[in-house]
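Q: What follows is a single structure, and I will ask about it in a moment.
The values are calculated or read from the model by the stated rules, or taken from the named source; none is laboratory data. Here the structure is a predicted model, which means the values were calculated and not measured. Cβ coordinates were reconstructed from backbone atoms using ideal geometry, including for glycine residues, and neighbour counts include every protein chain displayed. SASA here: full protein model, heavy atoms, side chains in, ligands and nucleic acids out. Shrake-Rupley method; radii C 1.70, N 1.55, O 1.52, S 1.80 Å.
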Amino acid sequence: MPRRKADALPFRPFAEDAGVQTFAGFSIENGTRRIALHGSLDLTRDREGLRQAKALKTLLDAVVAVLESEDLPDAVPDEPETAEPVRNPFA
């Protein structure tokens, strides 16, 4: 799935294993059991910083809403998301 810009919400948390939401150098990878956060993001004290902060807040509010709506286990197993090995396209 192609990367989406911060304005391309809605990001449906835990809905699929391939989506990525990006905010400058910061990415949020969607998964059915976990959401991974990578990189860094500078929220500047200007209109662009406010726009990015609001987009990030909207995404995290959606994550919290999904989590609050479910009967959650104490912890998710630390095993890979998929049992299928991924073929190296460069091999």
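Q: Spin-label point model (7 Å from Cα, Cβ direction): what's the ALA62 to PHE14 distance in nm?
A: 1.5 nm
Q: Tell me, what ³J(HN,Hα) does each residue in the range 36-52 have, in order and in whole Hz, if you take phi through Karplus 6.51 cos²θ - 1.76 cosθ + 1.60 with θ = phi - 60° and put x for Gly and Pro?
A: Once rounded to whole Hz, the list reads 9, 10, 9, x, 9, 9, 9, 8, 7, 8, 8, 5, 5, x, 5, 4, 5.
Q: If you don't mind, another one. R0 = 30 Å: FRET efficiency of VAL76 with THR44, Cβ-based, nearest 0.05? Walk me through the intermediate numbers first.
A: Values: r = 34 Å, r/R0 = 1.14.
Once the sixth-power term is evaluated, E becomes 0.30.
Q: Okay, moving on. Determine, for each peptide in 16-26, 37-47, the mean count of other beta carbons within 10 angstrom over its residues, then list the peptides with the highest first.
A: On the way: 16-26: 15.2, 37-47: 10.7.
The packing order, highest mean first, is 16-26, 37-47.
Q: Here's something else I'd like to know. In the range 9-76, what percent of the accessible surface is made up of carbon and sulfur (1.4 Å probe, ligands and nucleic acids excluded)?
A: On the way: 2440 of 4520 Å².
About 54 percent, which is the carbon plus sulfur part of the accessible surface.
Q: Can you list residues from other chains, or at least 5 along the same chain, whose modelled amide H is less than 5 Å from the amide H of PHE14?
A: Amide H neighbours of PHE14, under 5 Å, 5+ apart: GLY31.
Q: How large is ³J(HN,Hα) for each residue in the range 69-77, as worked out from phi by the Karplus curve 6.51 cos²θ - 1.76 cosθ + 1.60 (θ = phi - 60°), to whole Hz, x for Gly and Pro?
A: These are the phi-based 3J(HN,Hα) values: 7, 10, 8, 8, x, 5, 7, 8, x Hz.
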